[in-house]
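Novice: Handing you this structure, nothing more for now.
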Amino acid sequence: MNFELLTQLIVNGLIVGLLYGVVGMCFVLVYKSTQIVNFAQGEFLLIGAWVCWALLIYLELPFIVGFLLTMAFMAVFGVMLQMIVLRPMIGEPIISVIMVTIGLSIFFQALMKWIFGVSAQSFPKVFETESIQILGLHIETAYLMSTVIALIIMVAFYLFFKHSKYGLAMRATAFDQQIAQSLGISVKQVFAMSWGIAATVSATAGVVIAMVSGVSNSLSIIGIKVFPAVILGGLDSIIGAIVGGLIIGVLENVAEFFDSQYLHVGNMYDIAPFYVLLIILWFKPYGLFGTKDIERI
Amino acid sequence: MSQAATKLQTASPILTVNNIEVVYDEVIQVLRGVSLDVPEGEVVTLLGPNGAGKSTTLKAISGLLKTENGEVTKGDITFLGERIDSKNAEDVVRSGLFQVMEGRRIIEDMTSLENLKLGAYTRKDSQINQDIEMVYHYFPRLKERTGLAGYLSGGEQQMLAIGRALMARPKMICLDEPSMGLSPLLVKEVFGIIKKINQDQGITMLLVEQNANYALRAANYGYIMESGKVVLDGTQEQLLNNEDVKEFYLGGGNEERKSFKGLKSYKRRKRWL
């Protein structure tokens, strides 16, 4: 057994899993505060990556400026998307709203293909060294950055929801919208805010992944991959999303390892998380940390 | 209404509800012309049996009616000289009128401190921490309970709900059945604090209650509702001495015992409808 490769894959899995966790957190955030299962989550990554790519290539901005501009753009984009497309859907049956997010997903994928073409583009080089050696492990510099960013985002989420006025307002809205309104909280504002945060944070993950593996439509698949992660963790638990993301990240890499070494079935990397999804839905449909009474779709 | 008119001359009303009708789901009429005045700085109570429309009246005032598919179809509500009947709930809070909803409705998965902080959501000044101390001054028990609000006892939750309302620094607080589910001793305590807050802070209170005994003792003025209408109103003294109020809301009333049959027909005859 090739232990060196296995450790390498597990570390990679943890790093990517942390990113799944970040995207999963956004998914949970939107679900908790607006009760919408957002199937267009992956497109946030895709749009963010393309916008950042365009800013760096066409406007030749320095990476940090392009990155910050992308985040600002995505914040506005998320808020506008909520206000224009999803606000009129408030009060409609949940299934209709979900269909709208599926429609948005298809629309934005096509739009990105139309604007940027179908072929994958490599991201401009951001770091001098592509990868560094830590304890004999080979780690991409971008992944190192992503780990730092992911941890910062997680701490920021914690502080935001624990101490800021708006974070508390979002938790109140998630708990009971009528109570929130009776306290003077504008529920519409909270909805827009949660979509803005989800779009911004997801786009960050999109840019990081694009830095390693290039920008292409396949980025939106992360949005689907996050499903097993959040369902494993429980659809309404932020902690669950992080734990679920880490588990799925490691799992797909380990599955890949055993497949390439022994099984030779092929493509286990992409498939394994969904086997887990099936098993969880069978035996523990509310996930590891989820509340028991949430609606299943 | 003549009593209300004399009342009007002594103190100017902070809140005026003028002949409102409320319809739920576009078909169910709950209020059929309710009018009341709440003078500034006083405690006014709204009494009545289950289903009389007391809570609906409060929700019409606070704008929460809209979240329950209800609508004010006729009449108007004025608070501080401004029409509020078409405002949504968060704007009513911003204008200085805070409602403590029935059943306390605290946020159970947050700590009491977080609940208090949320009460100050509409405020922008920096005195929030001082006001938290002020709330602890009225409800010292809340300071000791640092855990999740869901684990507080019913009385503590009610105190937290009132404290949360204070955090908004409102000009007026509407309380929907603060005595619900509390032991008689706690009811007395809570009403005492409500009265004290009214006297210390000058916050006007509108108190919806079924517990007429305590409510009338705390209030300066009272309205009695039945089946979507105000059927009687008067000062604390007038209502406490009113034979019908004694009979129906305070218990006792006539000295000699009536037969059950006689009592029933008497009640039917004396209904205000």
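Novice: How about region B:138-149: which of its residues are among the small types (Gly, Ala, Ser) and surrounded by 13 or more Cβ atoms within 10 Å (Cβ to Cβ)?
Specialist: Going residue by residue through region B:138-149, those that are among the small types (Gly, Ala, Ser) are B:147, B:149.
Matches in region B:138-149: B:149 only.
Novice: Now, a different point. In this structure, is residue B:132 over 19 Å from the mean Cα position of the chain (by Cα) and within 10 Å of another protein chain (Cβ to nearest Cβ)?
Specialist: Numbers: over 19 Å from the mean Cα position of the chain (by Cα): yes; within 10 Å of another protein chain (Cβ to nearest Cβ): no.
Taking the combined requirement at face value, the residue does not satisfy it.
Novice: Looking at region B:42-95, which of its residues are among the charged types (D, E, K, R), in contact with a Gly (Cβ under 9 Å, 6 or more places away or on another chain) and away from chain A (no Cβ under 12 Å)? Don't jump to the end; show me each part of the working.
Specialist: Initially, region B:42-95 is screened for residues among the charged types (D, E, K, R), giving B:42, B:54, B:59, B:66, B:68, B:71, B:74, B:76, B:82-83, B:85, B:87, B:90-91, B:94.
The next check asks that each one be in contact with a Gly (Cβ under 9 Å, 6 or more places away or on another chain); those that pass are B:54, B:59, B:74, B:85, B:87, B:90-91, B:94.
If the condition is that a residue be among the charged types (D, E, K, R), in contact with a Gly (Cβ under 9 Å, 6 or more places away or on another chain) and away from chain A (no Cβ under 12 Å), then B:54, B:74, B:85 are the ones that fit.
Novice: Provide a single number: the residues in region B:100-149 that are among the small types (Gly, Ala, Ser) and over 23 Å from residue A:177 (Cβ atoms). Outline the logic, then answer.
Specialist: Of the residues in region B:100-149, the ones among the small types (Gly, Ala, Ser) are B:103, B:112, B:119-120, B:126, B:147, B:149.
Still in the list and also over 23 Å from residue A:177 (Cβ atoms): B:126, B:147.
Qualifying residue count for the region: 2.
Novice: Next question, about the same structure. If the Cβ limit is 7 Å and pairs must be 6+ apart or interchain, which residue in region B:101-128 that is under 12 Å from residue B:146 (Cα atoms) and at the interface with another protein chain (Cβ under 10 Å from one of its Cβ atoms) pairs with which residue that is surrounded by 17 or more Cβ atoms within 10 Å (Cβ to Cβ) and basic (Lys, Arg)?
Specialist: Here the result reads B:110/A:171; B:115/B:164, each pair linking region B:101-128 to a residue that is surrounded by 17 or more Cβ atoms within 10 Å (Cβ to Cβ) and basic (Lys, Arg).
Novice: Which ones in region A:210-238 are in contact with a strand residue (DSSP E or B) (Cβ under 9 Å, 6 or more places away or on another chain) and of a type in the set (Val, Ile, Thr)?
Specialist: Those that are in contact with a strand residue (DSSP E or B) (Cβ under 9 Å, 6 or more places away or on another chain) and of a type in the set (Val, Ile, Thr): A:212, A:215.
Novice: If we only count strands (runs of 3 or more DSSP E) wholly inside region B:130-246, which ones have 1 or more residues that are over 24 Å from residue B:120 (Cα atoms) and among the charged types (D, E, K, R)? Steps first, please.
Specialist: Values: elements: B:172-176, B:204-209, B:221-226, B:229-235.
Once the strands (runs of 3 or more DSSP E) in region B:130-246 are filtered for at least 1 residues that are over 24 Å from residue B:120 (Cα atoms) and among the charged types (D, E, K, R), what remains is B:204-209, B:221-226, B:229-235.
Novice: Quick one: how many residues across region A:156-165 are more than 9 Å from chain B (Cβ to nearest Cβ) and more than 20 Å from residue A:242 (Cβ to Cβ)?
Specialist: Result for region A:156-165: 0.
Novice: Still on this structure: Scan region A:210-221 for residues that are surrounded by fewer than 24 Cβ atoms within 10 Å (Cβ to Cβ) and of a type in the set (Val, Ile, Thr) and report the count.
Specialist: Of the residues in that region, 2 qualify.
Novice: While we're on this one: Do you know which of the residues in region A:133-144 that are assigned to a helix (DSSP H, G or I) and surrounded by 16 or more Cβ atoms within 10 Å (Cβ to Cβ) is nearest to the other protein chains (Cβ to nearest Cβ)? Give the steps one after another, and end with the answer.
Specialist: From region A:133-144, those assigned to a helix (DSSP H, G or I) are A:141-144; that's our starting set.
Then drop every residue that is not surrounded by 16 or more Cβ atoms within 10 Å (Cβ to Cβ), which leaves A:141-143.
Values: A:141: 40, A:142: 37, A:143: 35 Å.
Among residues in region A:133-144 that are assigned to a helix (DSSP H, G or I) and surrounded by 16 or more Cβ atoms within 10 Å (Cβ to Cβ), the one nearest to the other protein chains (Cβ to nearest Cβ) is A:143.
Novice: Please verify whether region B:37-50 includes one or more residues that are outside any loop (DSSP other than H, G, I, E, B), in contact with a Lys or Arg (Cβ under 8 Å, 6 or more places away or on another chain) and surrounded by fewer than 21 Cβ atoms within 10 Å (Cβ to Cβ).
Specialist: yes
Novice: Of the residues A:196, A:233, which is modelled with pLDDT of 90 or more and under 15 Å from the mean Cα position of the chain (by Cα)? Give the steps one after another, and end with the answer.
Specialist: Numbers: A:233 fails: modelled with pLDDT of 90 or more.
Selected residue: A:196, the only one of A:196, A:233 that is modelled with pLDDT of 90 or more and under 15 Å from the mean Cα position of the chain (by Cα).
Novice: Does region A:173-188 contain at least one residue that is of a type in the set (Ser, Thr, Tyr), in contact with a Ser or Thr (Cβ under 9 Å, 6 or more places away or on another chain) and away from chain B (no Cβ under 14 Å)?
Specialist: Applying the first criterion (of a type in the set (Ser, Thr, Tyr)) to region A:173-188 yields A:173, A:182, A:186.
Cutting the leftovers down to in contact with a Ser or Thr (Cβ under 9 Å, 6 or more places away or on another chain) gives us A:173, A:182.
After this cut, where a residue has to be away from chain B (no Cβ under 14 Å) as well, the list is none.
For region A:173-188, residues of a type in the set (Ser, Thr, Tyr), in contact with a Ser or Thr (Cβ under 9 Å, 6 or more places away or on another chain) and away from chain B (no Cβ under 14 Å): absent.
Novice: Tell me which of these residue A:151 doesn't satisfy, since it passes every other one: (1) surrounded by fewer than 20 Cβ atoms within 10 Å (Cβ to Cβ); (2) within 7 Å of chain B (Cβ to nearest Cβ); (3) not charged (D, E, K, R).
Specialist: Among (1) surrounded by fewer than 20 Cβ atoms within 10 Å (Cβ to Cβ); (2) within 7 Å of chain B (Cβ to nearest Cβ); (3) not charged (D, E, K, R), the lone unmet condition for residue A:151 is (2).
Novice: Looking only at residues in region A:65-87 that are more than 19 Å from residue A:26 (Cα to Cα) and within 21 Å of the chain's Cα centre (by Cα), which one is modelled with the lowest pLDDT?
Specialist: Ranking the candidates gives A:66 first.
Novice: Only one residue in A:270, A:259 is in a helix (DSSP H, G or I), acidic (Asp, Glu) and modelled with pLDDT of 80 or more, so which one is that? Step through it out loud before you land on a result.
Specialist: Working: A:270 fails: modelled with pLDDT of 80 or more.
Just a single option satisfies the conditions, and that option is A:259.
Novice: Determine which member of the set A:190, A:250, A:254 is surrounded by 20 or more Cβ atoms within 10 Å (Cβ to Cβ) and β-branched (Val, Ile, Thr). I'd like the intermediate steps shown before the answer.
Specialist: Details: A:250 fails: surrounded by 20 or more Cβ atoms within 10 Å (Cβ to Cβ); A:254 fails: surrounded by 20 or more Cβ atoms within 10 Å (Cβ to Cβ).
Matching residue, one of A:190, A:250, A:254: A:190.
Novice: Okay, moving on. Would you be able to say whether some residue in region B:85-106 is modelled with pLDDT of 90 or more, hydroxyl-bearing (Ser, Thr, Tyr) and surrounded by 17 or more Cβ atoms within 10 Å (Cβ to Cβ)?
Specialist: Yes: region B:85-106 contains one or more residues that are modelled with pLDDT of 90 or more, hydroxyl-bearing (Ser, Thr, Tyr) and surrounded by 17 or more Cβ atoms within 10 Å (Cβ to Cβ).
Novice: Within 7 Å of chain B (Cβ to nearest Cβ), buried (at least 21 other Cβ atoms within 10 Å of the Cβ) and aliphatic (A, V, I, L, M): does that describe residue A:169? Spell out the reasoning first.
Specialist: Values: within 7 Å of chain B (Cβ to nearest Cβ): yes; buried (at least 21 other Cβ atoms within 10 Å of the Cβ): yes; aliphatic (A, V, I, L, M): yes.
Against the criterion (within 7 Å of chain B (Cβ to nearest Cβ), buried (at least 21 other Cβ atoms within 10 Å of the Cβ) and aliphatic (A, V, I, L, M)), residue A:169 qualifies.
Novice: Turning to a different aspect of this structure: Which of (1) of a type in the set (Val, Ile, Thr); (2) in contact with a helix residue (DSSP H, G or I) (Cβ under 6 Å, 6 or more places away or on another chain); (3) over 20 Å from residue A:37 (Cβ atoms) does residue A:271 not meet, given it meets every other one?
Specialist: Of the numbered conditions (1) of a type in the set (Val, Ile, Thr); (2) in contact with a helix residue (DSSP H, G or I) (Cβ under 6 Å, 6 or more places away or on another chain); (3) over 20 Å from residue A:37 (Cβ atoms), the odd one out for residue A:271 is (2).
Novice: If you don't mind, another one. Give A:147, A:200, A:129 a once-over and let me know the one that is over 23 Å from residue A:50 (Cβ atoms) and either in contact (Cβ under 8 Å) with a residue 40 or more places away in the chain or part of a helix (DSSP H, G or I) (or both). Please lay out each step first, then the result.
Specialist: On the way: A:200 fails: over 23 Å from residue A:50 (Cβ atoms); A:129 fails: either in contact (Cβ under 8 Å) with a residue 40 or more places away in the chain or part of a helix (DSSP H, G or I) (or both).
When all the criteria are applied, what remains is A:147.
Novice: Another question, if that's okay. Determine, yes or no, whether residue A:37 is within 26 Å of residue A:160 (Cα to Cα), outside any helix (DSSP H, G or I), at pLDDT below 90 and of a type in the set (Val, Ile, Thr).
Specialist: yes
Novice: Also, quick follow-up: Tell me, yes or no, whether region B:164-182 has at least one residue that is within 14 Å of chain A (Cβ to nearest Cβ), surrounded by fewer than 16 Cβ atoms within 10 Å (Cβ to Cβ) and among the acidic types (Asp, Glu).
Specialist: No, every residue in region B:164-182 fails to be within 14 Å of chain A (Cβ to nearest Cβ), surrounded by fewer than 16 Cβ atoms within 10 Å (Cβ to Cβ) and among the acidic types (Asp, Glu).
The values are calculated or read from the model by the stated rules, or taken from the named source; none is laboratory data. In this text, all values refer to a predicted model and were calculated from it rather than measured experimentally. In this analysis, Cβ positions are derived from the backbone assuming ideal geometry, glycine residues included, and neighbour counts consider all displayed protein chains.
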